[in-house]
Amino acid sequence: MTSVVPLARMRAPLGGQEIELQQVDFEGGGMSLLRTRIRERSRFTVFDIDPVTAREWGEALLRWADAAQATQ
């Protein structure tokens, strides 16, 4: 049985999208994946990423946020 553990939930203020982050552990072992679910009204976008990609993505988000905050 696949195990899904909620990690975070947030709502984007401008578009109102609901963003959920979940840890997904598949039956039989293997690596854990980070599931990102984005809900826009009745449409869902769901994708699973590995730890290396999650780190790269997270670091890119932090660089952007830091730069954007510095210009305000």
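Observations
- Among residues of the stretch 23-72 being more than 11 Å from the chain's Cα centre (by Cα) and touching a residue at least 24 places away in the same chain (Cβ under 8 Å), the one that is nearest to A12 (Cα to Cα) is E40.
- Among strands (runs of 3 or more DSSP E) entirely within the chain, having at least 3 residues that are modelled with pLDDT of 95 or more, loosely packed, with under 11 Cβ neighbours inside 10 Å and of a type outside the set (S, T, N, Q) singles out 3-11.
The values are calculated or read from the model by the stated rules, or taken from the named source; none is laboratory data. Please read these numbers as outputs of a predicted model, since none were measured by experiment. Cβ atoms come from the backbone with ideal geometry, glycine included; neighbour counts cover every protein chain shown.
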